[in-house]
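A quick write-up on the structure given underneath.
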Amino acid sequence: MALFQKAPATPEEIEASAPVSHSPDEVTQMTEEEWYTKVYRGDDVPQLTVRAVLMGSGLGFLLAFTNLYIGLKTGWHLGVALTACILSYSIWQAIAKAGWAKTQMTILENNCMQSTASAAGYSTGGTFVSAIAALMMISAADDPTGHGSHLPTWVYVMWTVFLALLGVVIAIPMKRNMINHERLKFPSGLAAATTLQSLYADAGEAAKKAKALLYSGLAGAAFPLVVEMHLRVKEVNEAGQNVYTALVGQYQKFFDWLPVLGYARNEDGSQGEKLLASDWTMKFDLNPVMIAAGMLVGLRVAFSMLLAGLFLVYVAGPMGLDAAWEAPNGKTLYATSVASKSWKEIGLWFGAPVMVSSGILSFAFQWKTIARAFTGLKGGGGVDPRVAATEVPVKWFLWGTLIAGSGVVFIAKNQFDVPIHLGALAVIMTLVLALVACRATGESDITPTGAMGKIMQLTYGVLLPPQSATGNLMSAGITAGAASSSADLLNDLKSGYLLGANPRRQFVAQAMGIISGTVATVTGFYLFVPDATKLTGGIDGSEPQFPAPAAVAWKAVADLFEDGIENMHPWYVNAIIAGLVVGALLVVLEKLVPKKVRTFVPSATGLSLGFLLPFYYPFAMFLGALGAWWWQRSKKEHADQFLVPVAAGLIAGISLMGVLAAIMNNFILVNP
């Protein structure tokens, strides 16, 4: 099989590449035999073309920045497939009309492009918003300046490549059983296939979505220029140096008229001035990226985040200001030392346990899915020649796992002090847990990477020495990173299956996306996080640009094993117990109540993130979710058509301009 195919040029080749006559929903119900007869477009129909891979690599490179930006802000990792499909279709329409290309990119090429873009924009960034960001925070704790230190670049690059490759190859033996035989839904893959078919069926509809995405992207790009980039000279210091700031402050104190509780504490411990709402991070964020994210996550999650934020501001935070404790070292510690830090002190120990217990219990409730994951590996009988010619060979899985797994074990041993046998155990556990994660994705569209990571953290908290917080983080990162890559590939393969694509060529496209995604993610991490103060805030009490709640939760679990619960403030211990109970109760309640009532049960994910973020983020996301809810209630058809393009466009525009703002602020408009 030649690696690349030629793009279709003749009318016959274009006709052979036309969309299938069956809808994705119809294909989902077909047997494998029916698929080969009625849907499969053949071995020679172009899909893995140079232009498809280049377009996917380019779009994935850009979208990787957006996912890293959002991940460091909110802890979420958003899929990029739909955005890439709309952008690619529109760009090639323009290229073809301009006469720069003989033919428009076909639906199968666009599907292959989507695989490359998805690998680049999604599969490579998960470890940076969780384990690696948490590692930066740990390094800052031992640095008097609070800056911390980066790992060597080659470690970032190779760790990302090996994890993404491991995730891609371990999906190989699952594909035929979960997609061809069991015909699991994989909702995101189904949505991508449906979107592609609608684009190619109705050019006018496609143009409207593309314009909505473009215009919202341009509108979003204006905000970082105003509220993030340091374009204004604030003052000239005594040495005659310019001190820069943004044109407009990003966080506005609009809510200081609201009554809040608590008093500031003077240096001698005495009571200071009465606190204002802004002291509790009750501000308005002028950057609308969180509003756009809220449009996508939904009202239930966003409202749960707001509830947690209000509880922290009005209950836990003020009570923590008075909760003094004599630590073993003789120092007097408070559960809430400063109002503005309440979300990363007492809030951390409420939020992280909610995330841990809800994730693991939800995982346990999927015991039927877990059982099916292992019983479903029995295979499909004899090898059909058509299957042998189209499916990814098992030897690719064996060699890929050996190469990627060995690379992961080597780096874990030499950089993170994880013994070789425990690194190998992490790879083996990843093979098992990724199998379960992929089935959960196929059945529910939820990839439990958080639960996977926490299971590994708890496992290695027992196996590794108590002082090994780094090893705990990075061994857990193996499973979380690889499992998300596996689920992402199967979603893309599901989309290709519904469109009649060759799975082997699509696999190659997915693997190629790892290259551009790694370059973008590593570069973006350096740009967004030149030092740990961007994640933790400055030692002067300034707020972090990227709160990284996923990393905060990972670090909390690692710290717990390293320091021991006996060295924690008693309030934190009580918060841990309460968080574990609340997280578990919410999962049980969600299982027991009728479906109509379930929507009123607070989201465990939303509550945990509401505790782990400064208040202005949950508030902004609630505004976005409320606006999306109103839009869908008042103009459902219009919202179904434009909600995702508008939100995705805003996020893309803000994030990409945020990269430029980070470059300017960190390397050009640098304050003395």
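Here are some notes:
- Prolate/oblate/rounded call for the stretch 580-648, Cα gyration tensor, a/c under 1.5 rounded: oblate
- Protection proxy ranking, highest mean first, for peptides 59-70, 113-124, 396-407: 113-124, 59-70, 396-407, where packing is the per-residue count of other beta-carbon atoms within 10 Å, averaged.
- In this rough spin-label picture, where each label sits 7 Å from Cα along the Cβ direction, the residue 94-residue 218 distance is 1.0 nm.
- In this structure, the residue pairs whose Cα-Cα separation is over 27 Å, taken from 208/635; 185/344; 253/534; 596/635; 534/555, are 185/344.
- Degrees, to the nearest 10: 299-311 long Cα axis against longest axis of the chain: 10
- Helix-derived mean residue ellipticity, 222 nm - over the chain, DSSP H n ≥ 4, -39500 (n - 2.57), to 500: -21000 deg cm²/dmol
- Karplus-based coupling profile of the stretch 195-201, in residue order and whole Hz: 4, 4, 4, 5, 5, 7, 8, with θ = phi - 60° in 6.51 cos²θ - 1.76 cosθ + 1.60 and x standing for Gly or Pro.
- Cα gyration tensor shape of the stretch 88-197, rounded if a/c is under 1.5, else prolate or oblate by comparing a/b with b/c: oblate
- Crossing angle, helix 107-118 versus the chain [Cα axis fit, 0-90 degrees, rounded to tens]: 30
- Packing-based ranking, highest mean first, of 468-481, 98-111 given that Cβ atoms within 10 Å are counted: 468-481, 98-111
- Rg and Dmax of the chain, based on Cα coordinates, read 25.0, 84 Å.
- When the Cα atoms of the stretch 260-326 are aligned to their principal axes, the ranges along those axes come out at 46, 23, 19 Å in descending order.
- Per residue accessible area in Å² of the stretch 235-325, where ligands, DNA and RNA are left out and the probe is 1.4 Å: 50
- Here the peptides 507-517, 482-492, 429-439, 160-170 are ranked by packing, the mean other Cβ count within 10 Å, and the order with the highest first is 482-492, 160-170, 507-517, 429-439.
- Shape category assigned to the stretch 526-672 from the gyration tensor of Cα positions, a/c cut at 1.5: oblate
- Under the simplified labelling scheme, the residue 251-residue 182 pair shows an inter-label distance of 4.5 nm, with each label point 7 Å from Cα along Cα→Cβ.
- Modelled FRET efficiency - R0 51 Å, residue 388 with residue 581, Cβ distances, 0.05 increments: 0.45
- Carbon + sulfur, % of accessible area of the chain - ligands and nucleic acids excluded, 1.4 Å: 64
- Given R0 = 51 Å, the distance between the Cβ atoms of residue 315 and residue 44 translates into a calculated FRET efficiency of 0.20.
- Measuring r between the beta carbons of residue 365 and residue 6 and using R0 = 41 Å, the FRET efficiency lands at 0.25.
- If you take the Cα centroid of the stretch 22-98 and the Cα centroid of the stretch 392-424, the two points sit 29 Å apart.
- A simple spin-label model places the labels of residue 232 and residue 16 6.2 nm from each other, with each point 7 Å out along Cα-to-Cβ.
- Binning the C-alpha pair distances of the stretch 212-352 at 5 Å intervals from 0 yields a P(r) profile of 2, 8, 12, 14, 15, 14, 13, 10, 7, 2, 1, 0 %, listed from the shortest bin outward.
- Estimated vicinal HN-Hα couplings, Hz - the stretch 428-436 in sequence order (Karplus 6.51, -1.76, 1.60; Gly, Pro = x): 5, 5, 5, 4, 6, 6, 5, 4, 5
- What you get for the chain, charging only the Cβ of Lys and Arg (+1) and of Asp and Glu (-1), is a dipole of about 1340 debye around the Cα centre.
- Interchain or long-range residues, amide H under 5 Å from residue 265's placed H: 272
- Normalised contact order of the chain, rounded percent, pairs of Cα under 8 Å and 6 or more residues apart: 30
The values are calculated or read from the model by the stated rules, or taken from the named source; none is laboratory data. Just so we're clear, the structure is a prediction, and the values are computed from it rather than from any experiment. Counting neighbours? That spans all protein chains shown, and the Cβs are built from the backbone with ideal geometry, glycine included. The protein model used for the area step is the full one, side chains on, heavy atoms only, and it has no ligands, DNA or RNA in it. Shrake-Rupley method; radii C 1.70, N 1.55, O 1.52, S 1.80 Å.
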